Amino acid sequence: MPAFDYSAYNTAGKQISGIIEADTDRQARRLLKDRHLLPLSISEIRKSSNSARQALGKSANRLSPFDLSLILRQLAILIQSGLPVEEAMKMTIEQAENAKQARVVQSWRSEIVEGRSFSDALSRCPYRIPDSVIAGVGVGEESGHLHDILLRLADEQENNAENRKTVSRALIYPLTLIITSIAVISIMMLWVVPKITVIFASSDRELPLITRIIVGLSEFTQSYGLYLFLFAILAFILWHQALKDPQRKRRWHAFLLRLPGLGAWIRMANIADWSRSLGILLGSGVPALSALKISSATVNNLYLRKKMEAVTENMRQGSTLQKALTENDLGSGFLNHMVGSGEASSQLDQMLLRVADYYGLRLKNAVEVFLKIFNPILIILMGLVILSIVAAVMLPIMDMNNMI
């Protein structure tokens, strides 16, 4: 049965929104009136095929990993308690924390009511669901261990999202401090320093060196500051447009990997995501080549993704995973050793999960150490810059007071 998003007024005159199941939009309006609601708008929650979803690309609706993880975990617990999948989804909709979560699960439930499998419902969802989740759910339905696999997939989504956010969170504070400092310095250069330097214009005394430097920078900022700002915006727009080309974006990602510090973080985060995804898929019973192909898609860095795809091709030609990783210069001695041990002991999935935990912990510790060292240094540097401007203004004033 189709599901519809609706917006309506209740008897108190308050506008509300929600989801309702009906055969047609006309029936949906009738059901809303039976609930003493005045419909404003009704739209069907559209279903999309896998090919349509891929065609939409980045414009498709996105579901955050944390939202998806919460939904999968709730479903796993309800299914484990003995509820059918359709009933578990119904309860999950009722307990949803926001409208997006309810809309996603409702689209799945509508497909299942029509007779499709859970994995088919995920692939036809209007929100983009990772291929690893779709493949894992398909294996879970076939093996009869759906709740276990849903819990694994929920953990995967949480951990992968945490790895990605570790790097971004590390950059938030320094970038905020730099932007704030630039704003303060620009205000001082454009308005404060020019007004105060008028006082020095009538004086024939030679100004201190630091004052002459600051005054020169202030005049330069007044004359060319706007042009520099516009140039920076234009450069950013052009750079953003240039990165839409896959080849240029791959070269940019390769450059990022060569940067000191940041490159190691990006490599660790991507390898952790790949290892965890591959380990969970293999442990869920997904065939090795399919698992490698799906897990390669979880790698955000296009340069590393290309190498992971080369690993998959080497495996297709009969190579071992350890040899394929070594030939494509991926990972470190630790990764290769753990993969080799896993292949020798037939415990590759468990070894990959340990690799993911290891790199995730290394990444977290590296970021924490960086922040403890870099943030105080950055504060001191920004303070010195502002102190230089204040000194450039105050020294001539103090000199004039000594003459009186």
Open item on the list: How would 329, 25 line up from fewest to most surrounding beta-carbon atoms within 10 angstrom?
Closed with: 329, 25
Task: Label-point separation in nm, residue 316 to residue 228, each point 7 Å along Cα→Cβ - done: 5.2 nm
Task: Angle between the chain longest axis and helix 262-284 axis [Cα atoms, degrees, rounded to 10] - done: 10 degrees
- [ ] Report, in degrees rounded to the nearest 10, the 0 to 90 angle that the Cα long axis of helix 209-242 makes with the longest principal axis of the chain.
- [x] 20 degrees
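Listed here are the pairs 306/364; 306/372; 249/372; which of them are more than 27 Å apart at the Cα? Numbers along the way, then the final one.
On the way: 306/364 25 Å; 306/372 34 Å; 249/372 31 Å.
Over 27 Å Cα-Cα: 306/372; 249/372.
Taking the Kirkwood radius as the inverse of the mean 1/r across Cα pairs, report the Rg/Rh of the chain.
Details: Rg = 29.1 Å, Rh = 25.8 Å.
Looking at the chain, the ratio lands at 1.12.
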TODO: Among 381, 353, 151, determine the one that fluctuates most according to a GNM of the chain built with springs between C-alpha atoms less than 10 Å apart.
DONE: 381
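I need 249, 293 ordered by Cβ neighbour count within 10 Å, fewest first. Could you put the intermediate results ahead of the total?
Details: 249 15, 293 20.
By the 10 Å Cβ count, ascending, the order reads 249, 293.
Per residue of the chain, what 222 nm ellipticity follows from adding -39500 (n - 2.57) for every DSSP H run with n ≥ 4, rounded to the nearest 500?
Details: 17 runs with 298 residues, N = 404.
It comes out at -25000 deg cm²/dmol, rounded to the nearest 500.
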Task: Per-residue Cβ neighbour rank within 10 angstrom, fewest leading, 134, 149 - done: 134, 149
TODO: List, in order, the whole-Hz ³J(HN,Hα) value for each residue of the stretch 180-193 obtained from phi through the Karplus relation with A = 6.51, B = -1.76, C = 1.60 and θ = phi - 60°; use x for Gly and Pro.
DONE: 5, 5, 4, 5, 5, 5, 5, 4, 5, 5, 8, 10, 6, 4
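Give me the number: length gained by fully extending residue 264 to residue 198, i.e. 0.36 nm times residue separation minus the C-alpha to C-alpha distance, one decimal in nm. Could the numbers behind the result be given before it?
Working: separation 66, 0.36 × 66 = 23.76 nm, distance 5.08 nm.
Working it through step by step, the gained length comes to 18.7 nm.
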TODO: Between residue 66 and residue 43, with labels modelled 7 Å along Cα→Cβ, what's the label distance in nm to one decimal, could you check?
DONE: 2.6 nm
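When the convex hull of the C-alpha atoms of the stretch 330-404 is computed, what volume per residue in Å³ does it have? List each step's numbers first, then the result.
On the way: hull volume 6.8 nm³, N = 75.
Normalising the Cα hull of the stretch 330-404 by residue number yields 91 Å³.
Suppose we look only past 23 Å in the calculated P(r) of the stretch 69-156. What percent of the Cα-Cα pairs does that tail hold? Mind showing how you got there, number by number?
On the way: 301 of 3828 pairs.
Here the long-distance tail beyond 23 Å is 8 percent of all Cα pairs in the stretch 69-156.
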- [ ] Describe numerically, in nm with one decimal, the distance between label points set 7 Å from Cα along Cα→Cβ at residue 219 and at residue 27.
- [x] 8.0 nm
Task: the stretch 166-404 pair-distance distribution - Cα-Cα, 5 Å bins, rounded % - done: 1, 6, 10, 12, 11, 10, 9, 8, 6, 6, 5, 5, 4, 3, 2, 1, 1, 0, 0
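Give me the extension gain from residue 95 to residue 206: residue separation times 0.36 nm, minus the current Cα-Cα distance, reported in nm with one decimal.
On the way: separation 111, 0.36 × 111 = 39.96 nm, distance 7.41 nm.
Full-extension gain reported as 32.5 nm.
Extension gain residue 254-residue 36, at 0.36 nm per residue separation less the Cα-Cα distance, in nm? Walk me through the numbers before you get to the answer.
Numbers: separation 218, 0.36 × 218 = 78.48 nm, distance 5.93 nm.
Fully extending the segment from residue 254 to residue 36 adds 72.6 nm.
For residue 300 and residue 245, FRET efficiency with R0 = 22 Å and r from the beta-carbon atoms, rounded to 0.05?
According to the calculation, E is roughly 0.85.
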Task: Calculated from backbone phi, Karplus (6.51, -1.76, 1.60) coupling profile of the stretch 67-77 in Hz, x at Gly/Pro - done: 5, 5, 4, 5, 5, 4, 5, 4, 4, 4, 5
TODO: Determine the equivalent ellipsoid of the stretch 1-44 by diagonalising the alpha-carbon gyration tensor, then write out the semi-axes as square roots of 5 times the eigenvalues, largest first, rounded to whole Å.
DONE: 17, 10, 7
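A short reminder: the numbers here are calculations on the coordinates, not readings from a lab. Every value quoted in this text rests on a predicted model; they were computed, and no experiment measured them. Positions of Cβ are backbone-derived with ideal geometry, glycine not excepted, and every protein chain shown enters the neighbour counts.
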